[in-house]
1. So Ala66 ticks every box in (1) under 13 Å from Ser143 (Cα atoms); (2) touching a Gly at 6+ places or on another chain (Cβ under 8 Å); (3) among the small types (Gly, Ala, Ser) but one. Which box is left unticked?
2. State the number of residues belonging to segment 85-112 that are touching a residue at least 40 places away in the same chain (Cβ under 8 Å) and over 17 Å from Leu54 (Cα atoms).
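Any read-out appearing in this document is the output of simple, stated calculations on the displayed coordinates, not a laboratory observation. What you see is a predicted model; the values in this text were computed from it and never measured. Heads up, the Cβs are rebuilt from the backbone with ideal geometry, glycines too, and the neighbour counts pull from every protein chain shown.
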Amino acid sequence: MRRALTNRPATARAFLIQVPDEFFRTEAETLGFSLPPQGHYGVGMFFLSRDKELQGRCEQTLAAQADAEGLTVLGWRDVPTDNRCLGELARNSEPVIRQAFFDGRGRKDEDLERRLYVVRKRTERRAREMLGEAADQFYVPSSRAARSSTRACSWRRSCLPTTPIWPTPGFKLPWPCVHQPILATTRFRVGGMAQPFRMIAHNGEINTLRGNTNRIRGRGSRWSRRR
């Protein structure tokens, strides 16, 4: 139980979901932009600094990297949150959570997913170079065309989403994938150690994540991709 974060017996849960097209389409229209056909756009979930200047610099960097990969940031959506289940420690480090919508400019399937991946990695690297120690206030849990993620906090037998989506008209899913607890995040309050859930729900313990990351980096020089 994660008493340190909630001041009560509680734990955290993460949800891997398919992109709710009908819901996002309605939200986009409300925000003043239109989404391309399903499968031709991507959605990124971003943890951002509460410092407006740092937040703006990260968002500008993302737009530039997206354009370099032939994508367009259509707009941003502020994700509604409910932090009543969080304790003082968690509230003090709570990020601003926003979603970015990417126009694939006619691209779809693996081509779009690959470009979204490259945009995410290049933006994360550029943020580290640009922000230094403050870069830990920028994190991308997911940036995909087919899947997205959200978070919740629960205690006893109840579940209170920190990013509330239920019940919401138009939010229809064939399946959700739920995992608990998010040990790395709840123990250390480090956004970059949050379970990413970019492909499947998996064990995101810090040692496992660092080990996998180092093995990937060690093989990176032998990789190539089609543009």
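1. (2)
2. Within segment 85-112, residues that are touching a residue at least 40 places away in the same chain (Cβ under 8 Å) and over 17 Å from Leu54 (Cα atoms) number 15.
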